[in-house]
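Q: One structure, pasted below without further comment.
What follows is calculated from the coordinates using simple rules that are stated; it is not laboratory data. Nothing here was measured: the structure is a model prediction, and the numbers come from that model. Note that each Cβ is placed from the backbone with ideal geometry, even for glycine, and that neighbours are counted across all protein chains shown.
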Number of protein chains: 2
Amino acid sequence: MTDISRSGCPINLSLEVLGDKWSLLIIRDMMFGNRRHFRELLTKSEEGISSNILADRLKTLLDEGIITREDDPTHKQKGIYSLTEQGIELLPVLAQMAAWGYRYLPVSEELGIRARLLSEGGPKLWAEFMDELRENHLGLKRRKRAGPSVGERLQAAYESVVNRK
Amino acid sequence: MTDISRSGCPINLSLEVLGDKWSLLIIRDMMFGNRRHFRELLTKSEEGISSNILADRLKTLLDEGIITREDDPTHKQKGIYSLTEQGIELLPVLAQMAAWGYRYLPVSEELGIRARLLSEGGPKLWAEFMDELRENHLGLKRRKRAGPSVGERLQAAYESVVNRK
DNA sequence: TAAACTGCTTGCGATTTGCAACTGGTTGTA
DNA sequence: TACAACCAGTTGCAAATCGCAAGCAGTTTA
């Protein structure tokens, strides 16, 4: 690992950790796709990451404190990857990036619907989703709200678009 | 150029354009450091990009419509790079990334002050700064406000920290 | 007991990176 | 008019990284 940093600028330091074509996609799949195992991240992603790259990025994200890994009690070989608070707080970065991509790049309808809802919901919706992530990844208890969760709503919207086509 | 995209996901598409260690730093320098010429971007950055990488990234950013290039009337060899509206709207992405880095990475005091002010100012301050960028890069007229601009305030805060040390 | 599945690792060719030197031209100064 | 400094890049090359495919040892399922 190269521990020397080019500068102490927060944007630069962030890019030294996350500035590649895969790291944030892994975070995205953990957040929005609820992928928690190696195989899930490997095979259930749209983009088809290769296993060596995935292993390398997971190691980096572990080292940086963005995710954790624990053994799965139901399967001796499986590991469960979870987001840390530091990882969960990447949601606003992803949300802004999704909003920008939605506005300016050739986004497909079914994969754009989450970005649209997230953008329309704004920081308030992001905070609610982050609370859900804290519950699912950090095991924190949360006041039960009425109706479906943000994650469920995003997923339902996605499936609705897929089924309509 | 590889025009094939891995998926139509807005986050993925954004990363295919900006997912490397330099592109967003160039945008950052254009926004916050007001670097507009090749040499300025090359020599006045903290991180020391090399000229071939800079040339390559500028070409990509041009192709993607994130920046434009025009001849400098005062110097036959100089080109002036400007942000487009699409480029200016990357500010919230940078702001969120800066806020995250400021919170979790070993940011230096002088280079972190801008991130702190930007984070404290929130979306309202970002919008004001984006209006200033539109004035400087797109030539749009803007209602004159009282007092120093956001860019000036950020710069003053940075210099204040530098001088104090 | 065999097939499928688990989280990775390894080999290797192709691409990308980054340093350094260089190019062809322009501008400022004496 | 000469010359140094400055301009936006380009080129060559070694090193690092990427990404495909195959492989591996252990575990679970049928």
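Q: For chain B, compute Rg over Rh where Rg is the Cα radius of gyration and Rh is the Kirkwood radius from the inverse mean 1/r over Cα pairs.
A: 0.96
Q: Here's something else I'd like to know. Shortest first, in nm, what separates the label point of residue A:120 from those of the same position in the other copies (7 Å along Cα→Cβ)?
A: Label-point distances to the other copies, shortest first: 3.6 nm.
Q: Additional query: Which aspartates and glutamates, if any, have their Cα less than 16 Å from the Cα of residue B:165, not counting same-chain residues under 8 positions apart?
A: The reachable aspartates and glutamates, counting only those whose Cα sits under 16 Å from residue B:165, are B:109, B:110.
Q: Okay, next question. Would you compute the Debye intensity of the stretch B:90-165 from its alpha-carbon atoms alone, equal scatterers and no solvent, and pass along log10 I(q)/I(0) at q = 0.12, 0.16, 0.23, 0.27 Å⁻¹ to two decimals?
A: -0.36, -0.62, -1.10, -1.29
Q: Return the chain A residue and its Cβ-to-axis distance, rounded to the nearest Å, for the rotation relating A to B.
A: A:96, 3
Q: Suppose only helical runs count, i.e. DSSP H with n ≥ 4. What mean residue ellipticity at 222 nm does that imply for chain A under -39500 (n - 2.57) per run, divided by all residues and rounded to the nearest 500 deg cm²/dmol?
A: -18000 deg cm²/dmol
Q: Here is a further query. Using amide H atoms built in the peptide plane, which far-off residues or other-chain residues are under 5 Å from residue B:78 H to H?
A: It is B:72, by chain and number.
Q: In nm, one decimal, shortest first: how far is the label point of residue B:50 (7 Å from Cα along Cα to beta carbon) from the matching points in the other copies?
A: Label point to label point, same position, other copies: 2.3 nm.
Q: While we're looking at this one, here's another question. Set the Förster distance to 22 Å, then compute FRET efficiency between residue B:155 and residue A:86 from the Cβ-Cβ distance, nearest 0.05.
A: About 0.15, to the nearest 0.05.
Q: Hey, for residue A:143 with labels 7 Å out along Cα-Cβ, what do the inter-copy distances come to in nm, ordered shortest first?
A: 3.7
Q: Right, something else. With the Cα gyration tensor of the stretch A:8-84 in hand, give its eigenvalues times 5 under a square root as the equivalent ellipsoid semi-axes, listed largest first in whole angstrom.
A: In descending order the semi-axes read 22, 14, 10 Å.
Q: So for the pair residue B:163, residue B:68, with labels modelled 7 Å out along Cα→Cβ, what separation do we get in nm?
A: 3.7 nm
Q: Over 25 Å between Cα atoms, which of B:44/B:78; A:144/B:124; A:21/B:78; B:21/B:124; A:124/A:144; A:78/A:144 qualify?
A: A:144/B:124; A:21/B:78; B:21/B:124; A:78/A:144
Q: Same structure again: Enter the mean number of other protein chain beta carbons within 10 Å of the beta carbon of each residue in B:88-98, as an integer.
A: What the average comes to for B:88-98 is 6.
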